[in-house]
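K.L.:
Just passing along the structure, written as structure tokens.
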Amino acid sequence: MEMARFKISEEEYKELYRIEKATKDKKISQRLRVVMMRYEGKKVREIAEALNLNQQSISRICARYRKEGVEEFARNKYTSHHRYLSKEEESEILERFLKEANAGKVVSIEEIRKAFDEAIGHKTPNSFIYKVLKRHKWRKVMPRPRHPKAADEEACEASKKLSKK
């Protein structure tokens with residue numbers, strides 16, 4: 001009994017080759033090489049050894065190629081900064097708190113977190129809110145009740161009495 005071979009057309013192979021040469025993403029390049037090597041008649045074991053991959057990964061990559069096609073397969077869908085909201089949406093939420101802060105009200109992380117939870121639809125950790133604030137260049141500003149090197153009250157009063165003489 002002969003196993004079903006992995007088959008693609010010559011045009012698809014040329015398209016894969018062109019995309020593989022043009023891409024700078026190593027993961028995309030590796031996926032494309034797997035499919036091209038299967039087209040060339042290499043066995044799964046040979047490809048696994050050549051590309052330092054698991055044999056199951058090679059089968060999965062080929063199945064994914066059959067399912068998705070060339071364009072979707074060669075696109076990198078995994079990018080960094082998986083954000084719940086766009087930067088503009090985050091700015092809109094923070095704008096309300098900026099107005100309150102400029103009016104002299106103390107804005108707490110809990111209030112901001114509740115607004116984000118409502119917008120996103122689930123609870124978010126405080127660390128997420130701190131990252132959003134940093135991304136929007138917010139910083140913690142608190143007025144000091146008094147200068148850290150200031151003299152104590154008694155010394156100030158004694159100084160006032162001395163200067164009157």
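None of the figures in this text is laboratory data; all of them are computed from the coordinates on show. Since the model is a prediction, treat every value here as computed from it, not as a measurement. Note: ideal-geometry Cβ built from the backbone for every residue, glycine included; neighbour counts use all protein chains shown.
K.L.:
If packing is taken as the mean number of other Cβ atoms within 10 Å per residue, what is the order of 8-18, 145-155, 28-38, highest first?
P.N.:
So the order, starting with the most tightly packed, is 28-38, 8-18, 145-155.
K.L.:
Students often get this wrong, so check it: of Lys87/Lys134; Lys27/Lys87; Lys24/Lys87; Lys87/Lys131, which have C-alpha atoms separated by over 19 Å?
P.N.:
Table pairs above 19 Å Cα-Cα are Lys27/Lys87; Lys24/Lys87.
K.L.:
What's the exposure ranking of Cys62, Cys156, going from fewest to most Cβ atoms within 10 Å?
P.N.:
Ordered from fewest to most neighbouring Cβ atoms within 10 Å, Cys62, Cys156 come out as Cys156, Cys62.
K.L.:
Take Lys137 and Arg60, extend 7 Å from each Cα along the Cα→Cβ direction, and tell me the distance between the two endpoints in nm.
P.N.:
Simple spin-label model gives 4.2 nm for this pair.
K.L.:
Tell me the label only: which of (1) 22.1; (2) 18.0; (3) 19.6 is Kirkwood radius over Cα pairs in Å as calculated from this structure?
P.N.:
(1)
K.L.:
Compare the Cα positions of Phe128, Gly69, Ser108 along the charge dipole of the chain (+1 at Cβ of Lys, Arg; -1 at Cβ of Asp, Glu; about the Cα centre) and return the one farthest towards the positive end.
P.N.:
So the residue we want is Ser108.
K.L.:
Taking θ as phi - 60°, what are the ³J(HN,Hα) couplings along region 29-35 by the Karplus curve (6.51, -1.76, 1.60), each to the nearest whole Hz, with x for Gly and Pro?
P.N.:
4, 5, 4, 5, 5, 4, 5
K.L.:
Calculate the dipole size of region 24-123 relative to its Cα centre from +1 charges on Lys and Arg beta carbons and -1 charges on Asp and Glu beta carbons; express the result in debye to the nearest 20.
P.N.:
860 debye
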